[in-house]
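Inspection log for the structure reproduced underneath, given as structure tokens.
The values are calculated or read from the model by the stated rules, or taken from the named source; none is laboratory data. For clarity, every value in this text was computed on a predicted model and none was experimentally measured. Using ideal geometry, Cβ is built from the backbone for each residue, glycine included, and neighbour counts are taken over all protein chains shown. SASA here: full protein model, heavy atoms, side chains in, ligands and nucleic acids out. Shrake-Rupley method; radii C 1.70, N 1.55, O 1.52, S 1.80 Å.
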Amino acid sequence: MEKQKTLFIFILTIGVFGILNTEMGIVGILPLVADHFHISVSKAGLLVSLFAIAVAISGPTLPLLFSGFNRKKVMLLVLGVFVLGNMVSIFATNFNVALIARVIPAFLHPVYVSIALTSAAASVSREDAPRATSKVFMGVTGGMVLGAPISSFIGSSTSIEMAMLFFTIVNAIAFIAVLLFVPSMPVQERLSYGSQLSVLKKSITWLSIIGVIFINAAMYGVSSYLAEYLETITNVNGGTISLMLFIFGGASILGNIVAGKVLTTNPLKSVALFPFILGVVYIVLFLIGEFTGPMAFIVFVFGIMVAVGNNISQYWITSAAPEAPEFSNGLFLASGNLGVATGTSVGGLVISGMGTQYVVLGGLLFLILSLFFILLRNSLHITHPN
């Protein structure tokens with residue numbers, strides 16, 4: 001039984017990796033895409049921005065609409081659409097066709113991720129749920145961190161078609177694994193749409209959503225500009241930047257393990273401490289940014305904290321609305337994407353107005369705001385019991 005649960009969670013993780021790899025991997029080949037379709041890099045960037053917008057739009061709605069269907073069939077549908085979308089992208093000779101082939105699957109992105117997180121949590125006891133979801137988050141982290149460098153290597157060594165083929169193969173492997181090894185998962189107790197939407201009437205839900213928006217704004221408002229910070233402030237070359245980004249990524253995978261442990265043992269205290277710890281990381285980042293050796297260490301710690309923050313965000317919203325797991329995971333994905341957009345926008349404004357070194361000020365501001373809503377939720381005694 002234990003081996004079956006481990007295999008089940010591993011398959012869910014592979015699927016999440018494939019989907020996130022499709023989303024973030026394109027970043028590594030944007031210049032190649034621009035050359036291939038004879039367009040500007042900024043226009044090629046629509047493959048990234050419109051994908052994210054589609055995820056943010058569908059996050060609160062589509063997981064809710066699919067919540068009553070057999071989860072295995074829904075996962076196969078989503079992975080199948082991603083496989084087809086990637087196949088179309090391989091042979092697309094027109095940029096608009098390639099764009100449509102990415103945006104359509106993007107709307108289903110929250111459906112699979114929501115089901116994966118919900119199913120992983122449901123496969124174990126409530127106490128072990130954070131540990132199970134943290135394993136699925138390894139797929140999220142792996143896709144986000146490894147997607148771009150892998151696609152960049154394949155694309156530059158061969159062609160963008162081969163990079164797209166890599167996306168296709170990963171999703172196809174996940175599709176076959178779900179088809180062969182995941183049992184049918186009909187919904188035992190179908191929740192009405194009204195009962196799931198009713199979680200939006202609770203103040204704990206909105207406090208959690210706002211807190212998660214600020215947590216993600218604090219993290220990605222700084223991490224999105226990490227490469228530029230290393231180039232401008234630390235003054236290292238491209239090879240060193242790539243190495244540090246891999247350090248960041250490896251630390252993020254480790255951070256998922258850390259998050260699983262702390263959220264299992266003492267979740268409320270862990271969430272409350274998070275803004276303080278990340279705040280210290282940002283202050284140190286500001287003070288030692290010019291020194292390569294110390295920066296390598298702080299980048300490693302930063303990577304751990306970002307992964308912990310992702311897990312905290314998911315826990316904070318789903319624990320506020322445990323009666324509607326798919327819907328609450330959809331809310332988490334939408335809130336997280338809104339936070340990313342907010343943080344990167346403010347970070348960009350800080351950089352253009354004050355300089356790259358001061359990008360941490362935006363992160364610190366959002367950490368203070370997130371702490372306010374975290375403490376407010378706790379002080380009102382509306383937390384979900386362990």
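Report relative contact order for the chain in percent, whole number only (criteria: Cα-Cα under 8 Å, sequence separation at least 6).
26
With a/c under 1.5 counting as rounded, go ahead and sort the chain into rounded, prolate or oblate using the C-alpha gyration tensor (a ≥ b ≥ c being the square roots of the eigenvalues; past the cut-off, prolate if a/b is larger than b/c, else oblate).
Values: a/c = 1.62, a/b = 1.05, b/c = 1.54.
Verdict is oblate for the chain.
How many percent of the accessible area of the chain is carbon or sulfur, using a 1.4 Å probe? Working shown, then result.
Working: 11600 of 16130 Å².
Carbon-and-sulfur percentage of accessible area, whole number: 72.
Give a quick list of chymotrypsin sites (Phe, Trp or Tyr not before Pro) in region 243-312 that DSSP marks as loop, anything other than H, G, I, E or B, with at most 16 other Cβ atoms within 10 Å.
Details: sites: F246, F248, F276, Y282, F286, F291, F297, F300, F302; in loops: F291.
Of the chymotrypsin sites (Phe, Trp or Tyr not before Pro), the ones in loops of region 243-312 whose Cβ has at most 16 other Cβ atoms within 10 Å are F291.
So, for the chain, what is the accessible surface per residue at a probe of 1.4 Å, expressed in square angstrom? Intermediate results must be reported in sequence, preceding the final value.
Values: 16130 Å² over 386 residues.
The answer is 42 Å² per residue.
So which lysines pass the test for K135, namely a Cα distance under 25 Å, with those fewer than 8 places away in the same chain ruled out?
K3, K5, K72, K73, K261, K269
Return the calculated 222 nm mean residue ellipticity for the chain, to the nearest 500 deg cm²/dmol, obtained by summing -39500 (n - 2.57) across DSSP H runs with n ≥ 4 and dividing by the residue count. If you can, show how the numbers build up before the last one.
Values: 17 runs with 311 residues, N = 386.
Calculated mean residue ellipticity at 222 nm is -27500 deg cm²/dmol.
What distance in nm separates the simple spin-label points at F91 and Q357, each placed 7 Å from Cα in the Cβ direction?
5.5
Among V74, V27, F246, flag the residue with its Cα farthest along the positive direction of the charge dipole of the chain, charges on Cβ as +1 for Lys/Arg and -1 for Asp/Glu.
Selected residue: V74.
Could you name the aspartates and glutamates in cross-link range of K201, using Cα to Cα under 14 Å and dropping any fewer than eight places away on the same chain?
E323
What residue among M162, F214, A174 has its Cα farthest toward the positive end of the dipole of region 125-216, where the charges are +1 on Lys, Arg and -1 on Asp, Glu, each on the Cβ?
The Cα lying farthest towards the positive end belongs to F214.
Each label point is 7 Å from the Cα along the Cα-to-Cβ direction; what then is the distance between the points at T265 and L180, in nm?
Result for the modelled spin labels: 3.9 nm.
If you place +1 on the Cβ of every Lys and Arg, -1 on the Cβ of every Asp and Glu, and leave all else neutral, what size is the dipole of the chain about its Cα centre, to the nearest 20 Debye? Please list the in-between numbers first.
On the way: 16 positive and 12 negative charges, 184 e Å.
Its charge dipole is roughly 880 debye.
Specify which residue in the list S40, N311, G289 is farthest towards the positive end of the charge dipole of the chain, using unit charges on the beta carbon of Lys, Arg (+1) and Asp, Glu (-1), about the Cα centre.
Value computed over the given set: N311.
Step through the residues of region 276-283 one at a time and calculate ³J(HN,Hα) from phi using the Karplus curve (6.51 cos²θ - 1.76 cosθ + 1.60, θ = phi - 60°), rounding each to whole Hz and writing x for Gly and Pro.
5, 5, 5, x, 4, 4, 5, 5
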